[in-house]
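Below is one structure, written out as structure tokens, with a few remarks after it.
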Amino acid sequence: MAYSNFLLTVLLALITSQAMASDPSPLQDFCVADKDSPVRVNGFPCKDINGVKVDDFFLAANLDKPMDTTKSKVGSNVTLINVMKLAGLNTLGISMARIDYAPQGQNPPHTHPRATEILTVLEGSLYVGFVTSNPDNKFFSKMLNKGDVFVFPKGLIHFQSNPSYDKPTVAIAALSSQNPGAITIANAVFGSKPSITDDVLAKAFQVDKKAVDWLQAQFWENNHN
């Protein structure tokens, strides 16, 4: 009997962990983020409903306008609309982004630790792909054209690259979290503060320490705004 109770406890723990793997489902119509509250929760506490206004659900984001890609070393500009910019997104489990790519620009390999992403090309074309987890590390890639849609599964490393030498590309992405997060692989590995020791990285990447030192000395920028 004790053994069966133990198995039941383990099963319930596994089910609960899976249920908590995504943004929590709302238990009310909305929960506008109160960013001034001293309360600390996983997300934001709710603003008093009597203080909620229509503008809590609105943002003049100018997503119809091209964004500047000239200052980016990777040639892209990600304009993310998440709960930090739009308080009404709190607890709703969704966000979005406009991504501008210069000719030959890319949104370099990165992951979203809290979200699946679905992307559609509005103008131009994109070469996109993602890599599965260990041990297979299988690479899926596709050339997208205007109107095409592609899904990047939650947590997997993925990228987008504009193959054109003379035309920019624009895409819109939707993400299944109010705050999906982004971990750009090169930035995280070679631009961490403080730096990961070159002994660790040299062995991990099977390169000389001088190569690691050179990479760590680069300016690893953030293409998100």
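Go through Ile99, Asn134, Ile118 and say which Cα lies farthest out towards the positive end of the charge dipole of the chain; charges sit on Cβ, +1 for Lys and Arg, -1 for Asp and Glu.
Farthest towards the positive end: Asn134.
Which order do the peptides 48-57, 152-161, 26-35 take when ranked by the mean count of other beta-carbon atoms within 10 Å per residue, highest first? Please list the in-between numbers first.
Values: 48-57: 11.2, 152-161: 19.1, 26-35: 14.7.
For the peptides 48-57, 152-161, 26-35, the packing ranking is 152-161, 26-35, 48-57.
If you roll a 1.4 Å probe over the heavy atoms of the protein chains, what accessible area per residue do you get for region 25-88, in Å²?
Spelled out: the 1.4 Å probe surface of region 25-88, per residue, equals 69 Å².
Pull up all non-local amide H partners of Glu117: gap of 5 or more, or a different chain, and H-to-H distance under 5 Å with H placed in the peptide plane.
Here the answer is Phe152, Lys154, since their amide H atoms fall under 5 Å of that of Glu117.
Would you mind checking the radius of gyration and Dmax of region 142-225 based on alpha-carbon positions, in Å?
Considering region 142-225 through its Cα atoms, Rg and Dmax are 16.6, 46 Å.
Of the listed pairs Lys47/Lys85; Lys71/Lys193; Lys47/Lys154; Lys142/Lys167; Lys65/Lys138, which have alpha-carbon separations greater than 27 Å here?
Working: Lys47/Lys85 15 Å; Lys71/Lys193 23 Å; Lys47/Lys154 29 Å; Lys142/Lys167 19 Å; Lys65/Lys138 36 Å.
Lys47/Lys154; Lys65/Lys138, as the Cα separations exceed 27 Å there.
Nearest 0.05, what FRET efficiency do Ile172 and Lys138 give at R0 = 30 Å with Cβ-Cβ as r?
On the way: r = 27 Å, r/R0 = 0.90.
The pair Ile172/Lys138 has a calculated efficiency of 0.65.
Quick check: from the Cα gyration tensor, does the chain come out rounded (a/c under 1.5), prolate or oblate?
Numbers: a/c = 1.69, a/b = 1.17, b/c = 1.44.
Cα axes put the chain in the oblate bin.
Over region 157-225, average the accessible area per residue using a 1.4 Å probe and give it in Å², no decimals.
The answer is 59 Å² per residue.
Using the Kyte-Doolittle scale, which helices in the chain average at least -1.0 and also have C-alpha atoms spread 20 Å or more along the helix axis, with helices defined as whole DSSP H runs? Walk me through the intermediate numbers first.
Numbers: long enough: 2-19 (26 Å, 1.37).
Helices passing the filter in the chain: 2-19.
The values are calculated or read from the model by the stated rules, or taken from the named source; none is laboratory data. These numbers come from a predicted model, not from an experiment. Note that we place each Cβ from the backbone using ideal geometry, even for glycine, and neighbour counts take in every protein chain shown. Heavy atoms of the whole protein, side chains included, go into the accessibility calculation; ligands, DNA and RNA do not. Shrake-Rupley method; radii C 1.70, N 1.55, O 1.52, S 1.80 Å.
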